């Protein structure tokens, strides 16, 4: 929409706003604002009646309306820019939060793996120590089918102290019995040999045994029935 200010001679010059100028200015400003906002396309050969500003008041009113529209458009642009920046900041915060959560999960998993590795190593070392001590307590002990230090200790206590020392007993009780057996081995180098029940061969014992057997045969001789 075009506008045109028609000059009038001084004798007939009007003052104040022309009739209907407010509506025409409003329509012009609205159409211009739509074009600037991209709400309509510019048409080069568009036929429209030009806006006529006949008085200084008309011009002042038009300028004020245009200034207000420009200010409104600039405010909308600024609001859009701020909204865009706020959206970017929100997305950045969401991404940062997701990254922190991801890093936290990774750190937790890594710590869990380290703990599992440490536990595996601890159990392996405990098994080795238990097997070494078991062989000192019970030289013939075979641990090939046992998978944990507790299994080793339980089996050693069973072999040395019987089923009653193991069945229904707690892990702490079995550990204590095993430690008592280990303490005996540690304080007495010959405990293993003695625990296996090996006795020293004494010639006097053999002679005494032969004598007692001879006496018993003489006592039993009269019990045999006479031959026919």
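The values are calculated or read from the model by the stated rules, or taken from the named source; none is laboratory data. Here the structure is a predicted model, which means the values were calculated and not measured. As a convention, Cβ positions derive from the backbone with ideal geometry for all residues, glycine included, and neighbour counts pool all protein chains shown.
A quick yes/no check of all residues on (1) outside the structural domain of residue 151 (by TED's automatic domain parsing); (2) within 16 Å of residue 138 (Cα to Cα); (3) out of contact with any helix residue (DSSP H, G or I) (no Cβ under 7 Å at 6 or more places or on another chain); (4) modelled with pLDDT under 70:
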| site | (1), (2), (3), (4) |
| --- | --- |
| 162 | no, yes, yes, no |
| 169 | no, no, yes, no |
| 180 | no, yes, yes, no |
| 183 | no, yes, yes, no |
| 189 | no, yes, yes, yes |
| 192 | no, yes, no, yes |
| 196 | no, yes, yes, yes |
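Note on the range 51-61: among residues that are buried (at least 17 other Cβ atoms within 10 Å of the Cβ) and in contact with a strand residue (DSSP E or B) (Cβ under 7 Å, 6 or more places away or on another chain), the one that is farthest from residue 29 (Cα to Cα) is 53.
Matching residues to (1) assigned to a loop (DSSP other than H, G, I, E, B); (2) loosely packed, with under 15 Cβ neighbours inside 10 Å; (3) in the same structural domain as residue 173 (by TED's automatic domain parsing):
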site: 107; (1), (2), (3): no, yes, no
site: 111; (1), (2), (3): no, yes, no
site: 115; (1), (2), (3): no, yes, no
site: 118; (1), (2), (3): no, yes, no
site: 124; (1), (2), (3): no, yes, no
site: 129; (1), (2), (3): no, yes, no
site: 133; (1), (2), (3): no, no, no
site: 143; (1), (2), (3): yes, no, yes
site: 156; (1), (2), (3): no, no, yes
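Evaluate the following for residue 81: is it without any contact (Cβ under 8 Å) to a residue 12 or more places away in the chain, within 42 Å of the chain's Cα centre (by Cα) and assigned by TED's automatic domain parsing to the domain that holds residue 26? Yes.
With the condition kept exactly as written, say whether any residue in the range 36-57 is assigned to a helix (DSSP H, G or I) and touching a helix residue (DSSP H, G or I) at 6+ places or on another chain (Cβ under 6 Å). Reasoning before the result, please.
Residues of the range 36-57 assigned to a helix (DSSP H, G or I): 36-37, 56-57.
So of that shortlist, the ones also touching a helix residue (DSSP H, G or I) at 6+ places or on another chain (Cβ under 6 Å) come out as 36.
Looking through the range 36-57, at least one residue is assigned to a helix (DSSP H, G or I) and touching a helix residue (DSSP H, G or I) at 6+ places or on another chain (Cβ under 6 Å).
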